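Enquirer: Before anything else, here's the structure in question.
The values are calculated or read from the model by the stated rules, or taken from the named source; none is laboratory data. From a predicted model like this one, the values you see are computed outputs, not experimental measurements. Positions of Cβ are backbone-derived with ideal geometry, glycine not excepted, and every protein chain shown enters the neighbour counts. In case anyone asks, the SASA skips ligands and DNA or RNA and just uses the protein heavy atoms, side chains included. Shrake-Rupley method; radii C 1.70, N 1.55, O 1.52, S 1.80 Å.
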Amino acid sequence: MNATDFNKKMFKEIENGAKGKKLLLHACCAPCSTACLERIKDYFDISVLFYNPNIYGDEYRKRLEELENFLDRTGWAKTEPCERDEALFYSAVKGLEKEKEGGARCTECFRLRLEKTARTAAERGYEYIATTLTVSPLKNAQAINEIGEKCAAEYGVKWLPSDFKKGNGYLRSCQLSREYSLYRQNFCGCVFSKGLENGGGS
């Protein structure tokens with residue numbers, strides 16, 4: 001069976017009436033946002049939601065500030081404020097702390113973040129949601145799209161399918177990160193991916 005081409009599905013969705021709609025884009029960091037926003041910024045009225053309670057300590061501040069700086073410089077999207085909710089992350093992944101990277105712990109983390117994105121979109125008048133997570137070659141686009149679609153349906157908004165790594169999306173994100181001199185992290189952000197044992201910082 002052929003894998004679903006979520007990048008193709010995205011553009012089909014745009015052609016079928018999504019263009020011009022309000023979209024809330026969940027973003028994990030500035031570098032991942034670059035190529036994603038470049039690809040869709042001309043089709044939607046976009047705001048970015050930095051909801052990542054998995055990111056611990058000072059790493060959270062670094063990524064948030066870099067994302068806000070990038071959006072200010074480009075004007076490609078607005079920001080949508082949200083709280084951090086660290087406790088929710090630790091509750092969601094309780095019992096999965098020893099799971100390997102990319103396993104069940106990550107799945108629950110994706111669900112937590114996309115559910116929050118969908119709920120925020122419904123509460124604040126957005127018609128579509130999407131995520132930058134699919135730009136990473138280390139993340140499963142199929143799983144992310146399935147979770148996102150379910151979360152969107154639960155809150156009555158629409159899911160924009162994506163696989164932003166397609167069409168050299170990840171390469172483009174690296175190029176844009178260098179162009180804008182963005183801080184690029186080397187781990188997902190959670191204490192478990194970093195190999196720390198006691199829950200991280202503030």
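Enquirer: Find the percent of Cα-Cα distances in region 81-148 that exceed 13 Å, and round it to a whole number.
Expert: Numbers: 1532 of 2278 pairs.
The answer is 67 percent, as a whole percent.
Enquirer: Now, a different point. With the crude spin-label approximation of a point 7 Å out along Cα→Cβ, what separation in nm comes out for E97 versus L138?
Expert: The answer from the label model is 2.1 nm.
Enquirer: Moving on. With all protein chains present, how much of the accessible area of region 1-108 (probe radius 1.4 Å) comes from carbon and sulfur, to the nearest whole percent?
Expert: Working: 2530 of 5440 Å².
The nonpolar share, carbon plus sulfur, comes to 46 percent.
Enquirer: If one puts a single equal scatterer on every Cα of region 83-202 and applies the Debye formula without solvent, what log₁₀ I(q)/I(0) results at q = 0.09, 0.14, 0.23 Å⁻¹?
Expert: Result of the Debye calculation: -0.28, -0.70, -1.33.
Enquirer: Step through the table entries K41/K78; K139/K194; K41/K150; K12/K139, compare each Cα-Cα distance with 21 Å, and write down the pairs that go over it. Walk me through the intermediate numbers first.
Expert: Working: K41/K78 11 Å; K139/K194 17 Å; K41/K150 24 Å; K12/K139 23 Å.
Where the Cα-Cα span goes over 21 Å, the pairs concerned are K41/K150; K12/K139.
Enquirer: What is the angle, in °, between the Cα long axis of helix 104-124 and the longest principal axis of the Cα atoms in the chain? Nearest 10 is fine, range 0 to 90.
Expert: Long axis of 104-124 versus the principal axis of the chain: about 50 degrees.
Enquirer: May I pose another question? Mind running the shape call on region 48-111? Use the C-alpha gyration tensor, a ≥ b ≥ c as the square roots of the eigenvalues: rounded below 1.5 for a/c, prolate if a/b tops b/c, oblate otherwise.
Expert: Values: a/c = 2.47, a/b = 2.33, b/c = 1.06.
It comes out prolate by the Cα gyration axes.
Enquirer: State, as an integer percentage, the relative contact order of the chain based on alpha-carbon contacts under 8 Å between residues 6 or more apart.
Expert: Details: 313 pairs, mean separation 61.3, N = 202.
Across the chain, relative contact order equals 30 percent.
Enquirer: Can you give the charge dipole size of region 18-77 about its Cα centre, rounded to the nearest 20 debye, using +1 on the beta carbon of Lys and Arg and -1 on the beta carbon of Asp and Glu? Don't skip to the answer; put the middle values down first.
Expert: Values: 9 positive and 9 negative charges, 59 e Å.
Here the size comes out at about 280 debye.
Enquirer: Leaving out same-chain residues fewer than 8 places away, which aspartates and glutamates sit with a Cα under 16 Å from that of K98?
Expert: Within the straight-line cut-off, K98 pairs with E108, E197.
Enquirer: Using the alpha-carbon atoms, what tilt in degrees (0 to 90, nearest 10) does helix 169-179 show relative to the longest principal axis of the chain?
Expert: With both axes taken from Cα atoms, the answer is about 80 degrees.
Enquirer: Continuing with this model, one more query. Pairing the Cα long axis of helix 30-40 with the longest principal axis of the chain, what angle in degrees results, from 0 to 90 and rounded to the nearest 10?
Expert: So the helix axis and the longest Cα principal axis differ by about 20 degrees.
Enquirer: Whole number in Å², please: accessible area per residue of region 81-202, 1.4 Å probe, ligands, DNA and RNA not counted.
Expert: Details: 6300 Å² over 122 residues.
I get 52 Å² per residue for this part.
Enquirer: Taking θ as phi - 60°, what are the ³J(HN,Hα) couplings along region 184-190 by the Karplus curve (6.51, -1.76, 1.60), each to the nearest whole Hz, with x for Gly and Pro?
Expert: For region 184-190, the Karplus-derived couplings read 10, 7, 10, 7, 5, x, 8 Hz, x marking Gly and Pro.
Enquirer: What number, rounded to the nearest 500 deg cm²/dmol, is the helix-based mean residue ellipticity at 222 nm of the chain, given -39500 (n - 2.57) per DSSP H run of at least four residues and division by all its residues? Walk me through the numbers on the way to the answer.
Expert: Numbers: 8 runs with 95 residues, N = 202.
Value at 222 nm, helices only: -14500 deg cm²/dmol.
Enquirer: For I46, list long-range residues whose amide hydrogen, built 1.01 Å from N in the peptide plane, is under 5 Å from its own amide hydrogen.
Expert: Here the answer is L23, K78, since their amide H atoms fall under 5 Å of that of I46.
Enquirer: How high is the relative contact order of region 84-202, in percent, with contacts defined as C-alpha pairs under 8 Å that are six or more residues apart?
Expert: Computed value for region 84-202: 21 percent relative contact order.
Enquirer: Related question: If exposed GluC sites (Glu not before Pro) are those in a DSSP loop with at most 13 other Cβ within 10 Å, what is the longest stretch of the chain that has none?
Expert: On the way: sites that count: E83, E97, E101, E197.
So the longest stretch without any such site is 102-196.
Enquirer: Most fluctuating residue of V135, V48, V93 in a GNM of the chain with Cα springs under 10 Å: which is it?
Expert: Highest fluctuation of the listed residues: V93.
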